[in-house]
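Trainee: This is the structure I have questions about; it appears just below.
The values are calculated or read from the model by the stated rules, or taken from the named source; none is laboratory data. Because the structure is predicted, anything quoted here is derived from the model rather than measured. With ideal geometry, Cβ positions are generated from the backbone for all residues, glycine too; neighbour counts draw on all protein chains shown. Please note that ligands, DNA and RNA were not included when accessible areas were found on the heavy atoms of the full protein model with its side chains. Shrake-Rupley method; radii C 1.70, N 1.55, O 1.52, S 1.80 Å.
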Amino acid sequence: MSPGNPDTGRPLGIGVLGAADIAWRRTIPAIQRCDRLRLVAVASRAPERAAAFAGRFGCEPVTGYERLLERDDVEAVYIPLPNALHEQWAATALRAGKHVLVEKSLNADAAGAAALARTAADGGLAFMENFTFLHHGQHDRVRELVAEGAIGTPRAFSASFGIPPADLSLIRYDPELGGGALLETGTYTVRAAQLFLGPDAEVAGAVLRHDPRTGVDVAGSALLVDGQGVTAQCDFGFTHLYRCTYAIWGSAGRISLDWAFTPPPEARPVLRLERAGVREEHVLPAADQFLGALTAFAGACADPVKHEEHGAAAVRQAALLESIKRQAHVVPPQCQTPARPDGRRP
């Protein structure tokens, strides 16, 4: 069996580079529900962390990422390391002949993403950025309605993903580890916009709000536009009441989702359709988007066409994030006037 074509009818051996919380809570349990994957090992630089994961999930503990990549029974790897380490370890894994599923955000560097895509293509390997929300059926239903003309001609997309402030010791607040709202929550809104804008979408403007205490962006907005003039307003941050929505607005109606990015497997999302003064609510089927993403990754490992699609998607995403960072108007610290207890500003 070549590493680029693992379609043998047996589960693909997968290892995890990094004992991360998202792996513990969501991804590894989904791996164990996926009949196309078999968890082999979890690697950590801390032996006790690797042992804890191995004890819970019934796999091998490995101390050190390099040692996991040396294993012949590991044919693919999932990388949930901090953002700043994604590119380095994705490249190392690809060079070791492993298929790669890397957590978002991969990076905000189009050239770096393109280099990874070339390495994967040269090795006949899958290289996929792990946007699990794309594998929930609610987005398929939205696109079906748009294609059917339910809202007329699409004119504008808007998305918001914000979460409340948290402990400043978390990785998301560390600039050395690739923290910041753009790569943590903004990345979802930018990726979702690409479901409805053309492949020529580009950044028309952006704002990032930086926190002088941590040195990372804690909020922001970006405006995208494609060649047909369809716009996308993407809002995100760490300083917000929780919000996780998007809407597509057309010449004859509007479709919105209230729980666009992080619905749990048992949740039944509600799709709202407004047109000609009539508002409809459609309760959609529940879906396990983590399982869906892992199943798609396992399928991509055996499908060279999917290799190219996923690599190209990662490069487009990195290019848009890079452009947002480059173009952003940075709000100076003195403009960040704190709100009063009643939520109003002085």
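Trainee: Can we say GLU103 is open to solvent by 40 Å² or more (accessible area, probe 1.4 Å) and either more than 18 Å from HIS310 (Cβ to Cβ) or within 21 Å of the chain's Cα centre (by Cα) (or both)?
Mentor: no
Trainee: Please go through segment 8-36 and pick out each residue that is open to solvent by less than 10 Å² (accessible area, probe 1.4 Å) and within 20 Å of PRO265 (Cα to Cα).
Mentor: ALA23, THR27, ILE28, ALA30, ILE31, CYS34
Trainee: Okay, next question. Test of understanding: among ALA166, ALA156, which residue is surrounded by fewer than 19 Cβ atoms within 10 Å (Cβ to Cβ) and closer than 24 Å to GLY227 by Cβ?
Mentor: ALA156
Trainee: So, one more: Give me the pairs: first residue in segment 152-163 and basic (Lys, Arg) and assigned to a strand (DSSP E or B), second residue open to solvent by 40 Å² or more (accessible area, probe 1.4 Å) and at pLDDT 95 or above, beta-carbon distance under 9 Å, and six or more apart or on different chains, which are they?
Mentor: Correct list of pairs: ARG155/GLY229; ARG155/THR231; ARG155/TRP249; ARG155/SER251.
Trainee: If you scan segment 81-91, which residues turn out to be open to solvent by 40 Å² or more (accessible area, probe 1.4 Å) and without any contact (Cβ under 8 Å) to a residue 60 or more places away in the chain?
Mentor: GLU87, GLN88
Trainee: How many residues are outside any strand (DSSP E or B) and open to solvent by 20 Å² or more (accessible area, probe 1.4 Å) if we restrict to segment 251-283?
Mentor: Final tally of qualifying residues: 10.
Trainee: Given the condition modelled with pLDDT of 95 or more, in contact with a Lys or Arg (Cβ under 8 Å, 6 or more places away or on another chain), under 21 Å from VAL305 (Cα atoms) and open to solvent by less than 40 Å² (accessible area, probe 1.4 Å), answer yes or no: does some residue in segment 55-75 qualify?
Mentor: Within segment 55-75 (the criterion being modelled with pLDDT of 95 or more, in contact with a Lys or Arg (Cβ under 8 Å, 6 or more places away or on another chain), under 21 Å from VAL305 (Cα atoms) and open to solvent by less than 40 Å² (accessible area, probe 1.4 Å)), the answer is yes, since at least one residue qualifies.
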